[in-house]
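Comments concern the structure below.
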Amino acid sequence: MTKFFLTKTGNVFFIFAILFSLKVAAVKAHEISPSILDLSISSNVVQLKLRLSVEAILADVNLSETDNTNFSQNSFKYDELRSLNPEEIKNYFYNRWSDLAPLIQVNQSGRALELYFSELSVPEIGNLELTRISHLYIEAELKTKDPISFSWDPKFGPVVVRQMGVQNGITQFLQNGDKSDLIYFNDNVQYTKLNAFLDYIPVGFEHIIPKGWDHIVFVLGLFFFSTKLRPLVWQISAFTVAHTFTLALGSIGYIKIVPEIVEPLIALSIVFISVENIFFDRLSKWRPIVIFIFGLLHGLGFASVLGEFGLPDGFFITALLGFNLGVEIGQLTVVLLAFIIVGYWFNKKDYYQISIANPISIIIGLVGAYWFIERVI
């Protein structure tokens, strides 16, 4: 009876892990990153440069509900638009502009400014499995010297707002249709170091949950190594110190980030962790050292993502600290959820390692191997 139960338990977790791995492998290809708005204010004009997936916007993919077009009811429309050449997309967008313009709001003195379409820059088709990032240029005439604010429809998803051309320009992460803080013509005297710190915490957190699947899988690999607290603390600490170090150096520019090298190595780190989980049951003296080395790689991955968002010149250190804190909160959330879902109920059971931890570690390794092959081909 006991053997039957253990077998069934192992099968359940193995099937769960298989389904999880299929989801993880699928989400990377059509994942949409948050849009980025670079906003510049001159004497009487505000210029907006939006870095975004124009196909997702045109296909009415609700990016407040999902960041992956595969999970949208309009995924077929997105795929159809993604296959169009740049000129076809530009014409399609121009014909839709009158419908889209009211969904983008630049407000001044309580009134929405009229937005004028300037240009849309669309790359060539390229790999259809990857998101195509276009640049949309918009302008609005300013009526007064009063500060302005920005917002857009929640379905367009999260957006990073960056004020350009001033020393203390605002940098803010908006989601769910949030309105930005007031943006002034010159230095934002009311935008403090604390504002920058708090604004970048959700940016770091979102890079782990829900977007950082490779980092989530790596942290789960650390969790399933042992049910004891001490080994987990040692591993998480080594990983945290390491990725904090390279995140800082990569963001400052002291280390050149080559995604073509870093991303496959991150995938290999996942494979290594899973193999160790299966064949070793005690924390060796060198495992934290190896995890530290892998943490250096993951830190470069974080720095690469942060480089896309940019850091405000006047608040570089505080924004970097906020981003890193968001990453740490995300990692701890992953560990806490794993403990609540699996660890709390099963970690004291005799069959935990053989029937639960090992099968999941095998799947973690297979996912890492899949990502490695995908990233080097």
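Key figures for this structure:
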read-out: Tally, over region 184-207, of residues that are aliphatic (A, V, I, L, M) and modelled with pLDDT of 90 or more; value: 1
read-out: Residue in region 124-134 that is in contact (Cβ under 8 Å) with a residue 40 or more places away in the chain and among the basic types (K, R) present; value: yes
read-out: Tally, over region 200-259, of residues that are outside any loop (DSSP other than H, G, I, E, B) and under 22 Å from G365 (Cβ atoms); value: 21
read-out: Candidates I341, I377 - the one that is more than 26 Å from S251 (Cβ to Cβ), at pLDDT 90 or above and among the β-branched types (V, I, T); value: I341
read-out: Residue list for region 238-282, restricted to those being of a type in the set (G, A, S) and either free of Cβ contacts under 8 Å to residues at least 40 places away in the same chain or not assigned by TED's automatic domain parsing to the domain that holds A338 (or both); value: G253
read-out: Flag for F346 being surrounded by fewer than 18 Cβ atoms within 10 Å (Cβ to Cβ), more than 30 Å from L249 (Cβ to Cβ) and touching a Phe, Trp or Tyr at 6+ places or on another chain (Cβ under 8 Å); value: yes
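The values are calculated or read from the model by the stated rules, or taken from the named source; none is laboratory data. Computed from a predicted model, the values in this text were never measured in an experiment. Counting neighbours? That spans all protein chains shown, and the Cβs are built from the backbone with ideal geometry, glycine included.
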